[in-house]
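Accompanying notes for the structure given below.
The values are calculated or read from the model by the stated rules, or taken from the named source; none is laboratory data. Please read these numbers as outputs of a predicted model, since none were measured by experiment. Positions of Cβ are generated from backbone atoms using ideal geometry, with glycine treated the same way; all protein chains shown enter the neighbour counts. Keep in mind that these areas ignore ligands, DNA and RNA; they rest on the heavy atoms of the full protein, side chains included. Shrake-Rupley method; radii C 1.70, N 1.55, O 1.52, S 1.80 Å.
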Amino acid sequence: MTQAQITEIASTVNAASDSIYEALKYIYFICCEDFYKINVKDVFKISLSNVTDSRILSNLGFKLYPDMIGDLRDPHFEEVKKLISYAFAVRLPFVKKYLPPKSSFTDGDLKDMFRALCNTGAKNLDNIIKADFKTNLKTAAKLKDEDEPVFDTEWFKTWVYAYGKEFAVINNKNMFFLGCTDALFALYWAALTDKLVDIIKRSIVVY
């Protein structure tokens with residue numbers, strides 16, 4: 001793959017990270033203020049219709065302001081976008097499962113994609129994400145008809161508890177928020193995978 005194509009992959013993943021962060025804000029607002037007025041399914045439906053558009057949730061008809069999103073407005077919490085990009089980056093080896101078995105695409109291309117993401121903001125802050133690229137590369141090579149491993153969100157919960165003081169309390173609001181994020185990350189990754197596969201297929205030769 002060319003450098004331009006690698007850059008496009010990195011930009012797509014980073015855009016998805018920005019988008020999911022915006023979705024998290026809307027979900028937080030719903031569970032805090034308008035639980036009965038706004039259906040969280042609408043957040044999922046709209047954001048998943050284009051996972052690389054961070055402005056798409058404006059289609060809900062209202063704008064969020066800092067005082068509406070609690071601890072999520074904290075600059076430390078916003079660093080989570082670097083972690084989201086990294087969480088996506090370490091899963092890149094599983095994208096190969098959805099590509100033609102014989103093509104010009106190599107593990108070297110995957111490594112280039114991972115490096116490009118790390119060079120454009122993806123970062124494992126405090127080594128909070130336990131999954132790593134090299135291990136996933138080995139795991140992906142062994143996959144045949146098996147599904148890829150479930151998207152692990154324990155790192156996100158750890159980050160939330162560290163930088164979101166209000167989330168340390170066990171209540172309906174927090175359980176609702178964290179439950180939604182479990183589903184959201186998995187669905188975003190699936191949709192992002194489709195986008196990455198489309199980009200890669202335009203860039204490789206199938207034998």
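Structural remarks
- Selection status of Phe29, hydrophobic (A, V, I, L, M, F, W, C), in a helix (DSSP H, G or I) and under 17 Å from the mean Cα position of the chain (by Cα): no
- Hits in region 171-182 - residues which are closer than 16 Å to Ser47 by Cβ and open to solvent by less than 40 Å² (accessible area, probe 1.4 Å): Phe177, Cys180, Thr181
- Flag for Ile170 being in contact with a strand residue (DSSP E or B) (Cβ under 6 Å, 6 or more places away or on another chain) and modelled with pLDDT under 95: no
- Count - residues of region 41-58 that are closer than 18 Å to Leu187 by Cβ and in a helix (DSSP H, G or I): 11
- As for region 157-164, it holds no residue that is within 20 Å of Asn14 (Cα to Cα) and either in contact with an Asp or Glu (Cβ under 7 Å, 6 or more places away or on another chain) or at pLDDT 95 or above (or both).
- With a requirement of 1 or more residues that are over 23 Å from Tyr21 (Cα atoms) and open to solvent by 40 Å² or more (accessible area, probe 1.4 Å), the helices (runs of 4 or more DSSP H) lying completely within region 80-169 that satisfy it span 107-119, 133-142.
- Of all residues making up region 35-79, the number that are in contact (Cβ under 8 Å) with a residue 40 or more places away in the chain, in contact with a helix residue (DSSP H, G or I) (Cβ under 6 Å, 6 or more places away or on another chain) and open to solvent by 70 Å² or more (accessible area, probe 1.4 Å): 1
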